[in-house]
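Inspection log for the structure reproduced underneath, given as structure tokens.
The values are calculated or read from the model by the stated rules, or taken from the named source; none is laboratory data. The structure presented is a predicted model; accordingly, all values stated were derived computationally and were not measured. Glycine also receives a Cβ, built like all others from the backbone with ideal geometry; neighbour counts cover every protein chain displayed.
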Amino acid sequence: MKLVLLKRPQKSSSQELQKICKISNVLTNTFTLKIKEQEQSLDDKKADKILQSKIACFQYGVEFQPEISEDDRQLRYTIFKKAQRDIEKFIGKFSFSGKSLYSLVKWNKAKMDKEYLNIDSIRIGEQSYSMRIKFLKQIEEQGDQTEDQFSQNKINQILNIAFKDILRQENYIEIGKNSKFYNDKDTQQRQIILPNYYQIQFQIYKGITFQINQAQEKHQITIDFASRIMRMDDANQYIRIFKNKIIGKFVITAYNNYQRYQVTGLDKNKTPQSQFLWAQTNCLISFCDYYFLKYRIKIIDLKQPLLVSYTKQRDPITRQYSKKQIYLIPELCKMAGLSQSEIKRTNYIIRGTQLSPQERYEFTKQTSEFLSKKSSHEEIKIDSDKIQVESFILNPPCIMLKNSKIIPKMGNFDFSGKVFSCQRDFTDWVIIYSKKDEIQVKNLLRMFSDITEKLGVKYKNPEQFHHPLTNSKDLIQKLDQYFVENDLPSFLITFGDLNTHFYQQIKYFFCITAQVESQHIRPQSLNKKNSYKICLNIVLQIVQKTGNQIWNVEMPLQIASQTINTMIIGIETCRNTIKDKQIISVVCSINRSFSRYQSQVFFREKGNHQLDLLQRIIKDGIQIYKEIVKNLPKQIIIYRQSLGEKQNNYLIEIEAIQNAISDISPSYFPKLAFFQVNKNVVQKIYHQRENNTISNPIPGTVFSPELSENQIQFYMVSQNCSNGVSIPTKYSLLYNSTDLNQETFWQFTYYQTFNYYNLQGSIRVPAALKYAEKLAKYVFDYLQDTDFCDLKNNLFYL
């Protein structure tokens, strides 16, 4: 399916721009690649010319004897390195990836003499290897990247391989799949001690990440600092202390490219001395012998139980992936990462991974010079000059309360005044608590009474339900009976220290069984110095949860002046799964001011792009919008969280949304805009002050690179960052049939980052997408179910 952008947004005039933003310059961590002409001209001047519009690359296939496992990247790298000079005699400077070599030097068939090149007797340890290298094809970049997206992506991939090659030669280690390389000689060692006195020792690795991209006819490289926490304790140590608690944890194996596995079981009947059928030899072999033969690793503890996990395996004929159970040796597995509770035990962990904006920008400059100097391809160099680009600093929106207005400063504001609109108040509610917390509850209710009066919300003391809060089953039974006798309240509050299991049980009961709004308050909240402000935030949260509007965010002029009704949709795929099923959450605005939302989820098998349920949910959202607004939305703006999927998958979703629309009425044709939203980007932008120091950009800063005639994307920093370096959010417009101009899209997106009612200020993404993210996580953590129909029109999951 070909990507089609129906309508490119128009640009605003200079006068219109001055009304909504000011133009400024920012520094970036993106540098231009200089690529020399590959076919030398007789004219020396032309020979030195740098071409940016067309690159040709030559690909060679490699076969090894004996065969080398696909996951043994380090062995292949060692062989290539030993044979490097012999290979370069025939094909010039090259890069390698997997079973392919890539060179920017034109292939000379006469020089190779044969269709293939044999290189023998490459000795690694006690084993001797040979290689057979054969020319496969020439990959040539097209002038218009939209005409041949495959070739364009391949060229970027080849350039990417060339720079990966540099880092490997400088002894950087690659961890993960996103071109992140770490210097294991530049580490900081730390440790934390858990309540049971188990010590977790770990190292903070510092390194480099980069990304190759293209803007118009220029190839560019974006360079950034990377850091990673690597635990030093292995799974064998962990099992001795925690035994079966390792199930569900993640481990990393250094011997096969630092792959990450989730432990699904612990097999105490198998040890490293157990045997299995090795497919390569079709013979039985022990795990000890297997690891020695394949990875040259000698296992020490021969009595340790084995970890059970699953990995994806692709069929060589059908190319389809399937799950395969595998066994891992605990002493060869490092425990992966730290939980949130473990990280909270010490603050210096985070500080060890952060650089200031000044330090991070200087790091990217130095790295660009280092990579350019070390490049083995004479044809590829990096222009390390400072890159200054035009940016736009949007004016913040006006935040409207009932009788007052607030203008945010640096992305934040303090709520003071009466809520914008309140239809449901504090007059029909229940509070559940243990009698030991009675004094704190009285203080809480006193503050609630004071706060609601200031907010303009009617207040009445709640019904009080006493329970020790130690047995969730008993509480649920008693509440069930109470609700039968007294009807459901508008909302209820639980107050007390609850363990995780208890909290999960009552949340499921409130949301799925009783389907009533609820809020939990921890007693520790009232012991803090800012307890009044915490109570204010809790009251505001409850007011919003129950369908009210605590503030109203200004709309961009082009949308506010239009008579057409606009809907926003946020779509999120949860990274966690339930029984191997993905959680897809969909949040649709259902009123004109984008303050009320319909929130639903559905489960789907991984890789399944049948979107009947998505169609049903969006159709339902549009119909509810019509019931409330009395008109169908004429314009729908969709923000879709990115998971690094192919663009074709997003086009399938666009098609599903269009099908949902056509089901409503054959004559209903709303205008659509579909944004892919990516929060995990390498791109950074920096503000340079008058004294030349580097700082984070001002909230509302937009940088929009000119990619091509048909591609539109922009980077936005919407949130103030006081620690570390702010990360822009990338918005890619994949489909557009609206009449909105480019700057209105910027402005609308920025304004909607203020519409998240859990924070008095802006967030990184528009509120609808943040609500979708919160909903998906809430369903995974507490509900594991989709049947909360009576609550779907309220933000019950805040």
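Annotations for the structure displayed:
- Hits in the range 560-573 - residues which are within 15 Å of the chain's Cα centre (by Cα) and either surrounded by fewer than 22 Cβ atoms within 10 Å (Cβ to Cβ) or not assigned by TED's automatic domain parsing to the domain that holds VAL601 (or both): THR573
- Only one entry in ILE637, ILE622 is in contact with a strand residue (DSSP E or B) (Cβ under 6 Å, 6 or more places away or on another chain), within 23 Å of GLU554 (Cα to Cα), surrounded by 20 or more Cβ atoms within 10 Å (Cβ to Cβ) and of a type outside the set (S, T, N, Q), namely ILE637.
Residue by residue, here is whether (1) closer than 22 Å to GLY547 by Cα; (2) exposed (fewer than 12 other Cβ atoms within 10 Å of the Cβ); (3) among the aliphatic types (A, V, I, L, M); (4) modelled with pLDDT of 95 or more holds:
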| position | (1), (2), (3), (4) |
| --- | --- |
| CYS422 | yes, no, no, no |
| ASP428 | yes, no, no, no |
| ASN443 | no, no, no, no |
| ASP474 | no, no, no, yes |
| PRO489 | yes, no, no, no |
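- Within the range 161-214, if we keep just the residues that are among the aliphatic types (A, V, I, L, M) and touching a helix residue (DSSP H, G or I) at 6+ places or on another chain (Cβ under 6 Å), the residue that is farthest from GLN237 (Cα to Cα) turns out to be ILE212.
- Those residues of the range 280-315 which are touching a Pro at 6+ places or on another chain (Cβ under 8 Å), in contact (Cβ under 8 Å) with a residue 60 or more places away in the chain and either of a type in the set (Phe, Trp, Tyr) or surrounded by 15 or more Cβ atoms within 10 Å (Cβ to Cβ) (or both), in sequence order: GLN304, PRO305, LEU307
- Filter result (of a type in the set (A, V, I, L, M, F, W, C) and under 30 Å from CYS21 (Cβ atoms)) within the range 746-798: TRP746, PHE748, PHE754, LEU759, ILE763, VAL765, ALA767, ALA768, LEU769, ALA772
- Test: residue in the range 513-521 that is touching a strand residue (DSSP E or B) at 6+ places or on another chain (Cβ under 9 Å), farther than 17 Å from TRP429 by Cα and of a type outside the set (Phe, Trp, Tyr): no
- Residue that is modelled with pLDDT of 95 or more and among the hydroxyl-bearing types (Ser, Thr, Tyr), where the choices are SER525, SER585, SER593: SER585
- From SER121, SER97, SER103, residue being out of contact with any Leu (no Cβ under 6 Å at 6 or more places or on another chain), surrounded by 13 or more Cβ atoms within 10 Å (Cβ to Cβ) and at pLDDT 80 or above: SER103
- Looking across the range 619-677, the residues that are aliphatic (A, V, I, L, M), under 16 Å from ASN736 (Cβ atoms) and in contact with a helix residue (DSSP H, G or I) (Cβ under 9 Å, 6 or more places away or on another chain) come down to ILE636, ILE637, ILE638, ILE657, ILE661, LEU672, ALA673, VAL677.
- Test: residue in the range 78-92 that is of a type outside the set (Ser, Thr, Tyr), crowded, with 19+ Cβ neighbours inside 10 Å, modelled with pLDDT of 85 or more and assigned to a strand (DSSP E or B): no
- For the range 576-609, a residue qualifies if it is closer than 19 Å to LEU632 by Cβ and among the charged types (D, E, K, R), and the qualifying residues are ARG592, ARG596.
- Flag for SER585 being touching a residue at least 24 places away in the same chain (Cβ under 8 Å), in a loop (DSSP other than H, G, I, E, B) and within 30 Å of CYS422 (Cα to Cα): no
- Residues satisfying the stated conditions in the range 674-715, i.e. of a type in the set (Phe, Trp, Tyr) and in contact (Cβ under 8 Å) with a residue 40 or more places away in the chain: PHE674, PHE675, TYR686, PHE703
- Enumeration of residues in the range 156-165 that are under 18 Å from PHE31 (Cα atoms) and in contact with a Ser or Thr (Cβ under 6 Å, 6 or more places away or on another chain): ILE161, ALA162
- Criterion applied to THR729, THR786 was being buried (at least 21 other Cβ atoms within 10 Å of the Cβ) and of a type in the set (Ser, Thr, Tyr), and the one residue passing it is THR729.
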